[in-house]
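The values are calculated or read from the model by the stated rules, or taken from the named source; none is laboratory data. Just so you know, these numbers come straight off a predicted model, no measurement behind them. Cβ atoms come from the backbone with ideal geometry, glycine included; neighbour counts cover every protein chain shown. We work out accessible area using only protein heavy atoms, side chains counted, and drop any ligands, DNA or RNA first. Shrake-Rupley method; radii C 1.70, N 1.55, O 1.52, S 1.80 Å.
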Amino acid sequence: AQSVAQPEDQVNVAEGNPLTVKCTYSVSGNPYLFWYVQYPNRGLQFLLKYITGDNLVKGSYGFEAEFNKSQTSFHLKKPSALVSDSALYFCAVRDERYYGGSQGNLIFGKGTKLSVKP
Amino acid sequence: IAGITQAPTSQILAAGRRMTLRCTQDMRHNAMYWYRQDLGLGLRLIHYSNTAGTTGKGEVPDGYSVSRANTDDFPLTLASAVPSQTSVYFCASSDGGAGANVLTFGAGSRLTVL
């Protein structure tokens, strides 16, 4: 069965330090992977996606993610964290059950709360 | 500003009552979705629509219905609300087409069923 796992409920980072938010996935075919961010009382916002090509994907707000097929991981990274990066981060994979029909049905992880302290 | 408008923002509802959550987009996206967000469970797909006139069931469709009479509107109806439907509901859309699509989300509707 398809799934996405975010093993950390919360990640705490000091401002200026690098951050990593972990994500692993399980799919039978080629994965289409996404990261979204949710600020308090807001909807989710797209950060970046991996479909094919380079394993290092660059996205919005200085975030990047590294696709690792052998480890079935898609960790979100940023070289230098900002206090304003504090939010809830969701990893997602396209749901293969709907392939060919709806292209946007995603399976989301449970989310990781990122807290960046000054 | 282009995007998705959801209403109401928040609602407290007695069990057994009927409720419709409204969703309107102005981006002319073909596909629309309803997700519910619950603490510790992430987001789960309720229903989706690939294009106007068509709908499909997602992961947790029981107790919910949708319609897609036109491109812009995608209302979600709870025919007889139950406490387990207390959640935050997000409407989303995407522009369809081949390949992976990016979802645009509304700000959400917080529903409490007592």
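Sort the following peptides by mean Cβ neighbour count (other Cβ atoms within 10 Å, averaged over residues), highest first: A:87-94, A:109-116, B:51-58. Write out the running numbers ahead of the final one.
Details: A:87-94: 24.1, A:109-116: 19.8, B:51-58: 15.2.
Going from most to least packed, we get A:87-94, A:109-116, B:51-58.
Based on the alpha-carbon gyration tensor of the stretch A:43-89 and its eigenvalue square roots a ≥ b ≥ c, which shape applies: rounded if a/c is under 1.5, prolate if not and a/b is larger than b/c, or oblate?
Because a/c hits 1.5 or more and a/b exceeds b/c, the stretch A:43-89 counts as prolate.
For the stretch B:4-113, what are Rg and Dmax over the alpha carbons, in angstrom?
Final numbers for Rg and Dmax: 13.1, 43 Å.
A:Arg97 to B:Arg17: FRET efficiency via 1/(1 + (r/R0)^6), r the Cβ-Cβ distance, R0 22 Å, to the nearest 0.05?
0.10
Work out the P(r) tail for the protein assembly as shown: percent of alpha carbon pairs separated by more than 33 Å, whole number.
Here the tail beyond 33 Å accounts for 16 percent of pairs.
Taking every DSSP beta bridge with both residues inside chain B, roughly what % is antiparallel (nearest 5)?
90 percent
Which aspartates and glutamates have a Cα less than 20 Å from the Cα of A:Lys78, not counting those fewer than 8 places away in the same chain?
Excluding near neighbours in sequence, the set is A:Glu8, A:Asp9, A:Glu15, A:Asp54, A:Glu64, A:Glu66.
Ordering B:Met19, B:Met27, B:Met32 by accessible area with a probe of 1.4 Å, largest first, what comes out?
B:Met27, B:Met19, B:Met32
Shielding by partners for B:101-109, please: the mean number of other protein chain Cβ atoms within 10 Å of each residue's Cβ.
Mean partner shielding for this stretch: 6.
Taking 7 Å along the Cα-to-C-beta vector as the label spot, tell me the B:Arg44-A:Val83 distance in nanometres, rounded to one decimal.
About 3.8 nm, to one decimal.
Which of the aspartates and glutamates could be linked to B:Lys57 by a straight reach, that is with a Cα gap under 14 Å, when you skip same-chain ones fewer than 8 residues away?
Counting by Cα, and skipping residues close in sequence, B:Lys57 has these aspartates and glutamates nearby: A:Asp95.
Identify the trypsin sites (Lys or Arg not before Pro) of the stretch A:1-88 meeting these criteria: DSSP loop state and at most 11 other C-beta atoms within 10 Å of the C-beta. Show your work: numbers first, answer last.
On the way: sites: A:Lys22, A:Arg42, A:Lys49, A:Lys58, A:Lys69, A:Lys77; in loops: A:Lys22, A:Arg42, A:Lys69.
Here the trypsin sites (Lys or Arg not before Pro) that fit, given the DSSP loop and packing criteria, are A:Lys69.
Take every DSSP beta bridge with both residues inside the protein assembly as shown and express the antiparallel ones as a percent of the total, to the nearest 5.
Around 90 percent of the beta bridges assigned by DSSP in the protein assembly as shown are antiparallel ones.
Using a 1.4 angstrom probe with every protein chain in place, what is the largest-first accessible-area order of B:Ser49, A:Ser3?
Reading off the accessible areas and sorting them downward yields A:Ser3, B:Ser49.
Please go through the stretch B:1-55 and write out the trypsin sites (Lys or Arg not before Pro) that DSSP classes as loop and that have at most 16 other C-beta atoms within 10 Å.
The qualifying sites are B:Arg17, B:Arg18, B:Arg28.
Above 20 Å lies some portion of the pair distances; for chain A, what is it as a whole percent of all C-alpha pairs? Write out the running numbers ahead of the final one.
Numbers: 2623 of 6903 pairs.
For chain A, the fraction of Cα-Cα distances above 20 Å is 38 percent.
When you look at the Cβ of every residue in B:36-49, what mean number of other chain Cβ atoms sits within 10 Å? List each step's numbers first, then the result.
On the way: counts 0, 7, 1, 2, 3, 3, 11, 11, 2, 8, 0, 0, 6, 1.
The shielding value for this peptide is 4.
To the nearest hundred square angstrom, how large is the accessible surface buried between A and B, total for both chains, probe 1.4 angstrom?
Interface between A and B: roughly 1800 Å².
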